[in-house]
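Below: the structure, in structure tokens.
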Amino acid sequence: MWPRTTLFLGAFACLFSMPVAAATLESWTVDPVHSTAQFKARHFGIVPVIGTIPIVSATVQLYPGSQIPVAVSAQLDATKLDTHNDRRDSDLRSPRFFDTATAPTIKFISTKVDGTPNHFTITGNLTMHGQTHSVVLNAGVVGSGKSPRGRPIIAYVATATVDRTEWGMTYGPMIVGNNIDLSINAEADGP
């Protein structure tokens with residue numbers, strides 16, 4: 001017969017030596033058809049010009065039951081940027097700006113996410129024009145629910161202002177403002 005203290009300590013040791021199942025991350029897929037990535041620049045520092053760059057693919061990693069991302073990644077197709085003016089779009093695709101012949105893809109990979117569903121920041125590396133620099137997106141959840149087919153969805157919005165010259169786009173500072181406003185609206189579809 002084992003003394004009670006020995007049995008208690010043995011049970012206590014077994015309890016803490018059991019493997020703890022780590023929470024598995026869920027991978028949510030951003031729907032490119034219902035998501036947009038926009039940029040806004042000021043022509044002559046006055047008139048805002050808005051363009052879009054198609055989202056090719058993006059994922060949001062979440063813990064089950066949470067709406068705040070743990071990680072975010074995205075790829076955009078700079079060759080298909082659109083400002084509703086063919087001549088301007090050709091210029092933006094040239095080496096003076098995005099240089100899509102050698103750098104056709106814009107990539108974002110998060111490194112840190114902090115905050116609450118109402119407001120969180122996504123810090124990450126933004127690669128465009130062949131260069132990578134850190135940016136901070138101000139983001140939030142704007143809604144959630146289920147699609148008509150019963151699939152869970154979450155809508156996110158994220159914004160940032162970047163200095164285009166950090167990515168080597170230094171042409172025409174009197175024509176195009178250096179500070180570019182970014183705005184992303186994304187629908188993430190659950191697994």
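The table for this structure:
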read-out: Trypsin sites (Lys or Arg not before Pro) within region 72-162, DSSP loop, no more than 10 other Cβ atoms inside 10 Å; value: ARG149
read-out: Accessible surface, the chain, averaged per residue in Å² (probe 1.4 Å); value: 60 Å²
read-out: Cα-Cα P(r), region 121-176, percent of pairs per 5 Å interval; value: 4, 15, 17, 15, 13, 12, 10, 7, 5, 2, 0
read-out: √(5λ) per eigenvalue of the Cα gyration tensor, region 76-183, largest first, Å; value: 29, 18, 13
read-out: Net lengthening on full extension, ASP189/ALA101 (0.36 nm per residue, minus Cα-Cα); value: 28.5 nm
read-out: Span from the region 71-89 Cα centroid across to the region 147-175 one, whole angstrom; value: 10 Å
read-out: Convex hull volume per residue for region 147-191, taking Cα atoms only, in Å³; value: 97 Å³
read-out: Within the accessible area of the chain (1.4 Å probe), percent carbon and sulfur; value: 60 percent
read-out: All lysines inside 23 Å of LYS40 as judged from Cα atoms, apart from same-chain residues fewer than 8 positions distant; value: LYS80, LYS107
read-out: Set of region 74-109 residues, backbone N closer than 20 Å to the point 7 Å along the Cα-Cβ line of ASP181; value: 82-85
read-out: Residue of PRO148, PRO54, PRO32 that the Gaussian network model of the chain assigns the largest fluctuation, springs spanning Cα pairs under 10 Å; value: PRO148
read-out: Region 60-191: relative contact order as a whole-number percent, Cα under 8 Å and 6+ apart; value: 18 percent
read-out: Computed over the chain, Kirkwood Rh from alpha-carbon pairs, angstrom; value: 18.9 Å
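The values are calculated or read from the model by the stated rules, or taken from the named source; none is laboratory data. Computed from a predicted model, the values in this text were never measured in an experiment. Neighbour counts are summed over all protein chains in view; Cβ atoms, including those assigned to glycine, are modelled from backbone coordinates with ideal geometry. Protein only, heavy atoms only, side chains kept; ligands, DNA and RNA dropped before computing areas. Shrake-Rupley method; radii C 1.70, N 1.55, O 1.52, S 1.80 Å.
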